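Values quoted throughout were computed directly from the atomic coordinates according to the rules given, and no laboratory measurement underlies them. No experiment lies behind these values; they were computed from the predicted model shown. Ideal geometry is used to build each Cβ from the backbone, glycine not excepted, and the neighbour counts take in all protein chains shown.
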Amino acid sequence: MNRRYRKTIIAGNWKMNKTLTETKAFAEEFKPILGRPKWCDIVLCVPAVNLHSAIRMFKDSRVSIGAETCHYEENGAFTGEVSAQMLKDIGVKYVIIGHSERRQYYNETDFTVNKKVISALNAGLRPIVCVGESLEQRELGVTMDLITYQVKCALANIPIEKVRHVVFAYEPIWAIGTGKTATAEEAQEVCEGIRTVIRKLYGARVARAVTIQYGGSMNAKNAAELLAQPDIDGGLIGGASLKPDQFMQIINAANQD
Ligand code: PEP
């Protein structure tokens, strides 16, 4: 973390978990233990059907609500889809774009990621752009080549004044939902690499203002060590964000004075 130049953001990704009733139960348990963390922003990305209610439930708290994807067009004949403008209009603040599960199961490509980032920024949402390599790619030694490509594609045609609103999440695919975490050194190396790509594209001032998260089996035990790395500015957390006490422990790790 480097709180001097950029915000630390702890974000939960609930994926396809929690009914409305379960979302209410989470809010009732989580809000009293949350308080007002000084050093980090907190985001919960919840299923589309529960966004509106979640915004109301967390209205008077430090929690911002995020969506898990959006369409890149403003409106039109795209049955079943939700646009960035629609999300913005109900009070959503963030949207995850290019999560590896969407890349794997829903044909998300680096080109659709770029269109969605543009659309999210135009609507006034902060995109959380996921990038990350598979185990095979890591073993072939092409991790940084791939990440560089993913970051460059995501940022294509994004004007310099909007780049600081983009959040990147480095999520090695082999670490998501597997219980395997990248070591703090591995995660730092890639997050630093992402910042270097941004610096080459937009300059040092912009690069140091961009929040770069790590995601992949982050939990109460490993969070402090990961967050102590200079280029890891928070986490995108799946499993451990579903339980208020576990999520809170990660927030506490980000919130040490
Ligand atoms: C994720 O889904 O973005 C994620 C990092 O999941 P988990 O924390 O469960 O590995």
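Over the C-alpha trace of region 68-110, radius of gyration and Dmax come out as 10.9, 29 angstrom. The phi torsions of region 105-120, fed into the Karplus equation with coefficients 6.51, -1.76 and 1.60 and a -60° offset, translate into couplings of 9, 10, 6, 5, 10, 4, 6, 5, 4, 4, 5, 5, 4, 4, 5, 4 Hz, rounded to whole numbers, with Gly and Pro shown as x. Using just the C-alpha positions of the chain as equal point scatterers, what log10 of I(q)/I(0) does the Debye formula give at each q in 0.08, 0.16, 0.17 1/Å? Listed by q, the Debye log ratios stand at -0.27, -1.21, -1.38.
May I ask for the Rg/Rh ratio of region 154-200, computed from Cα atoms with Rh as the Kirkwood radius, given to two decimals?
Over the Cα atoms of region 154-200, Rg/Rh equals 1.06.
Using DSSP to define loop residues, name the trypsin sites (Lys or Arg not before Pro) in region 22-127 whose beta-carbon has at most 16 other beta-carbon atoms within 10 Å. Walk me through the intermediate numbers first.
Values: sites: Lys24, Lys38, Arg56, Lys59, Arg62, Lys88, Lys93, Arg102, Arg103, Lys115, Lys116; in loops: Lys38, Lys59, Arg62, Lys93.
Of the trypsin sites (Lys or Arg not before Pro), the ones in loops of region 22-127 whose Cβ has at most 16 other Cβ atoms within 10 Å are Lys38, Lys59, Arg62.
Counting every alpha-carbon pair across region 175-224, the share separated by more than 13 Å comes to 60%. What FRET efficiency, computed as 1/(1 + (r/R0)^6) with R0 = 25 Å and r the Cβ-Cβ distance, is obtained for Val142 and Tyr105, rounded to the nearest 0.05? With R0 = 25 Å, the Cβ-Cβ based efficiency is 0.65. Here region 1-45 has an Rg and Dmax of 13.1, 39 Å, counting Cα atoms alone. Taking the inverse of the mean 1/r over every pair of distinct Cα atoms in region 94-232 gives a Kirkwood hydrodynamic radius of 15.0 Å. Applying D = kT/(6 pi eta Rh) to region 181-257, where Rh is the Kirkwood radius over alpha-carbon pairs, T corresponds to 20 °C and eta to 1.002 mPa s, the Stokes-Einstein value obtained is 166 µm²/s.
For region 66-169, the equivalent ellipsoid built from the Cα gyration tensor has semi-axes of 24, 15, 11 Å, listed from largest to smallest. Using every pair of separate Cα atoms, the Kirkwood estimate puts the hydrodynamic radius of region 212-256 at 10.1 angstrom.
Given a Förster distance of 45 Å, report the FRET efficiency between Ala204 and Thr21 from their Cβ-Cβ distance, rounded to the nearest 0.05. Plugging the Cβ-Cβ distance into 1/(1 + (r/R0)^6) gives 0.40.
Of all the C-alpha pairs in region 1-131, what % are more than 23 Å from each other? Walk me through the intermediate numbers first.
Details: 2801 of 8515 pairs.
The proportion of pairs with Cα distances above 23 Å equals 33 percent.
Just subtract the alpha-carbon distance of Arg56 and Asn75 from 0.36 nm times their residue separation and send over the number in nm, one decimal.
Numbers: separation 19, 0.36 × 19 = 6.84 nm, distance 2.48 nm.
Answer, rounded to one decimal: 4.4 nm.
Rounded to whole numbers, the Karplus 3J(HN,Hα) couplings from phi for region 49-61 are 5, 9, 4, 4, 5, 4, 4, 5, 4, 9, 3, 9, 10 Hz, using 6.51 cos²θ - 1.76 cosθ + 1.60 with θ = phi - 60°, and x at Gly and Pro. Each residue of region 172-188 is assigned a 3J(HN,Hα), and the resulting list reads x, 4, 5, 9, 7, x, 9, x, 8, 10, 5, 5, 4, 5, 4, 5, 4 Hz, derived from the Karplus form 6.51 cos²θ - 1.76 cosθ + 1.60 (θ = phi - 60°), x at Gly and Pro.
Residues whose amide H lies under 5 Å from that of Gly12, counting only those 5 or more places away or on a different chain, are Val43, Leu44, Cys45, Ile237; hydrogens are built 1.01 Å from N in the peptide plane. Distant-in-sequence amide contacts of Ile96, defined by a placed amide H-H separation under 5 Å and a gap of 5 or more residues or a different chain, comprise Ala67, Glu68, Thr69, Ile128.
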